[in-house]
Each structure stands twice: as structure tokens, then as C-alpha cells.
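> Quick one: this structure, given as C-alpha cells, is what I'll be asking you about.
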Amino acid sequence: MIAEVAAGAAWLLVLAAAAVRSGAGRGPSPTALPLLSPVEVGLLRAGHRGAAQTALVELYLAGSVEAASRQTVRRDDTRAPKGLSGPARAQYAVLYGRLHPRRLQGLDRVRRAVADVSRDLETSRLVLPTRRLYAVRALSLAALCAVPVGAIAGRAAAPWLFLALLADAVAVWLCALPRRTRRGAALLARLRRERADVRRASEREPEELLLSIALFGASALRAQLPGFTAASGLLTRPPREPMDRGGGSAETVASCGG
């Protein structure tokens, strides 16, 4: 009996998490939405990493950063960014010496700049608000915990065990979903259809190239910006050994993605 109750509780929690998530993003059609900047599009596509990645490419195309040795980037002090996005300016401000792009993206000042962009998209109901995101994760975690408790407390028949494991799988899936809402997903799909031409852009067309990176991510980086992508380590994980972080920034590296 305990196992059956645990399986039922897990499903109730999973359904509650799904309801919390699906409640976001309702509103007018994406055709009524304002035009997004490339960094906002990058956030819509891949969250914090997508926004920070797009902003770093923005800096590169402006000549403010360049690839350095050992798959790192460094800034050009003679070409400070002007008129660029908040996340781009934040990355330039904290970049001293050489730093791997992933570690640069995790610095507090960069994360705060991306969070500012995220709030604008939350207001437009294009991404899940932070409170809803935490609620979905908390409910999903509770569902994951309910099943082992039921299994320990009493034996479960095979059908109940299957239902419990299925609830666990759905909870994991809910946690792994992108932060964008259905409204945000519809807008991203529309932008990809309408601006498919940017996939042919080169560095001689920086605005179109930046939009392509924002819309299509890794595939666009490898195809349209292969040199900088490979040399900077933009799509790689940082090496395990300590690296030169330069001028003693007091920023800390965050461990969780946005």
C-alpha cells in the first residue's frame, strides 16, 4: 500500500510541476512581439550559456577580444566595446590576462548581466520566470524522492513500480527542458525560418553573422566562424589544470547554468 501511495504522490507532483511550467508563456501570438537582440535570441535558444556565448562573439566581431593560447581568449585594451550588449561589456570588463570562455561565462558580473537580459524576456513571457523555474525543479525533485521512499517502505507490484519509474523519468525530463516557454519556442522557430539566410553570412557581415550564431549556436560557429571557435575553445570544456586568470579579479565562478 505504501508503494502505491508513493507512486501516486510522485505523479501528483509531476503533474503539478507540468502545470506550473505550462502556465507560463500564454499571451499574444509571437508576431506581436518586439524584435529581439542577438544576445536575447541566444538566451532564448540556450539559456545563460547561449547569451554569454553570443556576447563573446559580439566582442570578437567588434575587435575587442581575440583568441589566445591554450584555447583561451584575451581582450584588446585598445578597442573597448562601444554600443554593445550588457553581457558583452561585462565579459570585457572582467577579462584580464587569458581565460577559457566557459570560465569567463561563469563569473558573477557576467551572470548578473545575463540575468538582466533574462528579466526582459520574462516580462515578455518568452522564458520561464525564475520563481516558476525553481517551483518546477522543487516539485520534480520531490517526485524523484517519493519513489525511493515508497520502495524502501514496502514492496511494490510490477505495475506500480513501472508507474513510479515513469514518473521519475517525466520529472527528469521536466528539469531538462529549456527555459523558454511555448511562446518563446514559437518565436525562435519563426526567427529560424525567416532568417535562414544568415547561415551564409561571413565576418564581412558581422550583424548577420552574429544573428546566425544566436539562432543556430554550435553548428553556425563551426561552419561560419571555425578559426575563432577552435582557437578560443568556445565549444570545449575548460582544462582541469589551473589557468592564468590574470589581474586578480575578485569575481567568483558559478557552478550552475542559467
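> Please specify each residue of the stretch 69-94 satisfying the condition of being of a type in the set (A, V, I, L, M, F, W, C), without any contact (Cβ under 8 Å) to a residue 60 or more places away in the chain and not in a helix (DSSP H, G or I).
We begin by selecting, within the stretch 69-94, every residue of a type in the set (A, V, I, L, M, F, W, C); these are 73, 80, 84, 88, 90, 93-94.
Filter again for without any contact (Cβ under 8 Å) to a residue 60 or more places away in the chain, leaving 80, 84, 88, 90, 93.
Scanning the stretch 69-94 gives 80, 84.
> Run down 190, 180, 222 and say which single residue is touching a Gly at 6+ places or on another chain (Cβ under 9 Å), modelled with pLDDT of 85 or more, more than 19 Å from residue 63 (Cβ to Cβ) and among the basic types (Lys, Arg). Spell out the reasoning first.
Numbers: 190 fails: touching a Gly at 6+ places or on another chain (Cβ under 9 Å); 222 fails: touching a Gly at 6+ places or on another chain (Cβ under 9 Å).
Result of the check over 190, 180, 222: 180.
> Confirm whether residue 229 is of a type in the set (Val, Ile, Thr), open to solvent by less than 40 Å² (accessible area, probe 1.4 Å) and farther than 19 Å from residue 35 by Cα. Give the steps one after another, and end with the answer.
Details: of a type in the set (Val, Ile, Thr): yes; open to solvent by less than 40 Å² (accessible area, probe 1.4 Å): yes; farther than 19 Å from residue 35 by Cα: yes.
Criteria met by residue 229.
> Got a sec? Which of 90, 113 is small (Gly, Ala, Ser), in contact with a Gly (Cβ under 6 Å, 6 or more places away or on another chain) and at pLDDT 95 or above?
Details: 90 fails: in contact with a Gly (Cβ under 6 Å, 6 or more places away or on another chain).
Just one listed residue meets the conditions, 113.
> Turning to a different aspect of this structure: Would you pick out the residues in the stretch 156-203 that are more than 16 Å from the chain's Cα centre (by Cα) and either of a type in the set (Gly, Ala, Ser) or at positive phi (or both)?
Correct list: 156, 157, 158, 164, 167, 169, 171, 186, 189, 196, 201, 202.
> Looking at (1) in contact with a Gly (Cβ under 7 Å, 6 or more places away or on another chain); (2) surrounded by fewer than 20 Cβ atoms within 10 Å (Cβ to Cβ); (3) at pLDDT 95 or above; (4) of a type outside the set (D, E, K, R), find the lone condition where residue 257 falls short.
(3)
> Another question, if that's okay. Is it true that residue 44 is crowded, with 22+ Cβ neighbours inside 10 Å, in contact (Cβ under 8 Å) with a residue 24 or more places away in the chain, of a type outside the set (Ser, Thr, Tyr) and within 17 Å of residue 228 (Cβ to Cβ)? Let's see the steps before the verdict.
Working: crowded, with 22+ Cβ neighbours inside 10 Å: yes; in contact (Cβ under 8 Å) with a residue 24 or more places away in the chain: yes; of a type outside the set (Ser, Thr, Tyr): yes; within 17 Å of residue 228 (Cβ to Cβ): no.
No; evaluated as a whole, the condition is false for this residue.
> Something else now. Counting only residues that are in contact with a strand residue (DSSP E or B) (Cβ under 9 Å, 6 or more places away or on another chain) and assigned to a loop (DSSP other than H, G, I, E, B), which one in the stretch 114-145 is nearest to residue 19 (Cα to Cα)? Steps first, answer last, please.
Restricting attention to the stretch 114-145, the residues satisfying the condition of being in contact with a strand residue (DSSP E or B) (Cβ under 9 Å, 6 or more places away or on another chain) are 118, 121, 126-128, 133.
Still in the list and also assigned to a loop (DSSP other than H, G, I, E, B): 126, 128.
Working: 126: 17, 128: 13 Å.
Step by step, filter the stretch 114-145, then rank; the result is 128.
> Additional query: Just to be sure before I move on: is residue 143 open to solvent by less than 60 Å² (accessible area, probe 1.4 Å) and either polar (S, T, N, Q) or over 18 Å from the mean Cα position of the chain (by Cα) (or both) in the structure I sent?
Values: open to solvent by less than 60 Å² (accessible area, probe 1.4 Å): yes; either polar (S, T, N, Q) or over 18 Å from the mean Cα position of the chain (by Cα) (or both): yes.
When the stated conditions are applied, residue 143 passes them.
> Check the stretch 204-212 and report whether any residue there is at pLDDT 90 or above, open to solvent by less than 60 Å² (accessible area, probe 1.4 Å) and touching a Ser or Thr at 6+ places or on another chain (Cβ under 6 Å). Step through it out loud before you land on a result.
Initial filter on the stretch 204-212 (at pLDDT 90 or above): 204-212.
Next, only the ones that are open to solvent by less than 60 Å² (accessible area, probe 1.4 Å) stay: 206, 209-212.
So of that shortlist, the ones also touching a Ser or Thr at 6+ places or on another chain (Cβ under 6 Å) come out as none.
Checked against the condition, which is being at pLDDT 90 or above, open to solvent by less than 60 Å² (accessible area, probe 1.4 Å) and touching a Ser or Thr at 6+ places or on another chain (Cβ under 6 Å), the stretch 204-212 yields no hits at all.
> Still on this model: Kindly list, by first and then second residue, each pair from a residue in the stretch 95-110 that is more than 18 Å from residue 66 (Cβ to Cβ) to a residue that is among the acidic types (Asp, Glu) and open to solvent by less than 50 Å² (accessible area, probe 1.4 Å), limited to pairs with Cβ atoms under 7 Å and residues at least 6 apart or on different chains.
Taking only residues 6 or more apart or on different chains, the pairs are 107/251; 108/251; 109/251.
The values are calculated or read from the model by the stated rules, or taken from the named source; none is laboratory data. Keep in mind it's a predicted model, so treat the numbers as computed, not measured. Don't worry about glycine lacking a Cβ; one is built from the backbone with ideal geometry, like all the others, and counts go over all protein chains shown. Just the protein is used for accessible areas: all its heavy atoms, side chains included, with ligands, DNA and RNA removed. Shrake-Rupley method; radii C 1.70, N 1.55, O 1.52, S 1.80 Å.
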